[in-house]
1. So, R0 is 25 Å and r is the distance between the beta-carbons of residue 324 and residue 124; what FRET efficiency does that work out to, to 0.05?
2. Work out how much length residue 176 to residue 79 would gain on full extension: take 0.36 nm times their residue separation and subtract the Cα-Cα distance, in nm to one decimal.
3. Just to be sure I follow: if Rg is taken over the C-alpha atoms of the range 153-212 and Rh is the Kirkwood radius over the same atoms, what is Rg/Rh?
4. No solvent, one uniform scatterer per C-alpha: report log10 I(q)/I(0) for the range 224-338 via the Debye equation at q = 0.10, 0.11, 0.12, 0.19 1/Å, two decimals.
5. Output the antiparallel fraction of DSSP beta bridges having both residues in the chain, as a percent to the nearest 5.
6. With a Cα-only, solvent-free Debye model of the range 132-174, what are the log10 I(q)/I(0) values at q = 0.20, 0.27, 0.31, 0.33 Å⁻¹?
7. Once the range 387-468 is represented by equal point scatterers at the alpha-carbon sites, with solvent omitted, what log10 I(q)/I(0) does the Debye formula produce at q = 0.19, 0.24 Å⁻¹?
8. Report the relative contact order of the range 255-325, percent, no decimals, based on alpha-carbon pairs under 8 angstrom and at least 6 residues apart.
Ligand SMILES: Cc1cc2nc3c(=O)[nH]c(=O)nc-3n(C[C@H](O)[C@H](O)[C@H](O)COP(=O)(O)OP(=O)(O)OC[C@H]3O[C@@H](n4cnc5c(N)ncnc54)[C@H](O)[C@@H]3O)c2cc1C
């Protein structure tokens, strides 16, 4: 049985931010994550917006964490080498009624401390982004876009660099209290783990894990959102995220958001589902996105579609009224040694580090935390060949000839980058794991050309059998055997 001071259940962006912040102290920290990587669930299935904080009720934890997370992100992005652009954002409207609702947000923004928000007319919108739909808009200069995959990975890698241990493919299936006050966590096939503190950061499963740890009664409603990813050819027209004015119930319809890498995301729509981890998309949903997306982004054309995806927001709802609740972060006297996070939906990406610091504060109320003198907040990512000038590219190839082999032609990703990604500090070795670290297979052909080469490189670098290499989730083998009775190795 392995034993730690603290175990975090769930290694998404929030669990990884908590792990990173806890390694600032002399504590043994482990993360148990049921999937193959840290950004396969909600943390890798979102818009990648750094929210400003005007969408949330004044005084709520969502508002406080979003404003705090937004303000610090230039520094966070520098420390962790996360692609990030402070683009600003437009929330556009067409009718007088919508204008009224937009005024609410300006007021919420003012109370929450969001800087520089203003209501602007079409003329000013054209100066900011002529491709945006709408007759008027709120302009919010502090909103931004970031690479959500790299952010979760960077937090996790920095946590590992500072001493945290990640156990992937490790699903917590049960828990019990030990006589000495510690917790014993049972996993599905990966043995038992003991700890003094357990932190529930299990996203869509947070209510289930909460009950497992002795705090029943919470209800999570997964709310699905589907997206189109548009080619970089469309990205040249999209300068700034464009959101529609909220509906009368203050929910949002489809928006158009440029990504840090130059694509455009159109979505998400929003509907309740039973199984938040069913990531299929529906034809009717995509048809709807085509129509609503075109209202936000004038260059919405079928020829630009390169992929679809979906994610689900874990909304905590009041079991009686069905009303959506604030983020929940708690410790309970009657269930000692547990820190519980439930319902970390949007703006959870923006709020990951502020939530993590609040977790540390809760812990510090219960015991003295001794600073880790070796903590290093700096993490460096994989250098991207295509972002260098010709002289630097030539130097890189001279030093490592693998930079001379382009594996992903759409995104110009080299063999050297893929080899570095395969040896990532978390030990992720799926094809999707390499994709989110390098962008190999994220381009126009969506891996048609390079996925077999990536599989071969994983096999070569890690000495795996070809049938062991998976696309992503368990059971998604790239190859199941030889077609013509050839070598299976
Ligand atoms: C469509 C959509 C758009 C969004 N857009 C934005 C945005 O633009 N900006 C923003 O700030 N936020 C956004 N969000 C919200 C944001 O993505 C989430 O709040 C955030 O990713 C939550 O992170 P997490 O670590 O709590 O959850 P997750 O990433 O889901 O991580 C939880 C982890 O727990 C693991 N787990 C679950 N059960 C167990 C178990 N029993 N044992 C071990 N591991 C377990 C899961 O496998 C998972 O990896 C969006 C969300 C959605 C769905």
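None of the figures in this text is laboratory data; all of them are computed from the coordinates on show. Remember, predicted model here, so these are calculated numbers, not experimental data. Positions of Cβ are generated from backbone atoms using ideal geometry, with glycine treated the same way; all protein chains shown enter the neighbour counts.
1. Rounded to the nearest 0.05, the efficiency is 0.15.
2. 31.1 nm
3. 0.99
4. -0.39, -0.45, -0.52, -1.01
5. Percent antiparallel among DSSP bridges in the chain is about 75.
6. -0.81, -1.02, -1.05, -1.09
7. For the range 387-468, the Cα-only Debye profile gives -0.80, -1.16.
8. 28 percent
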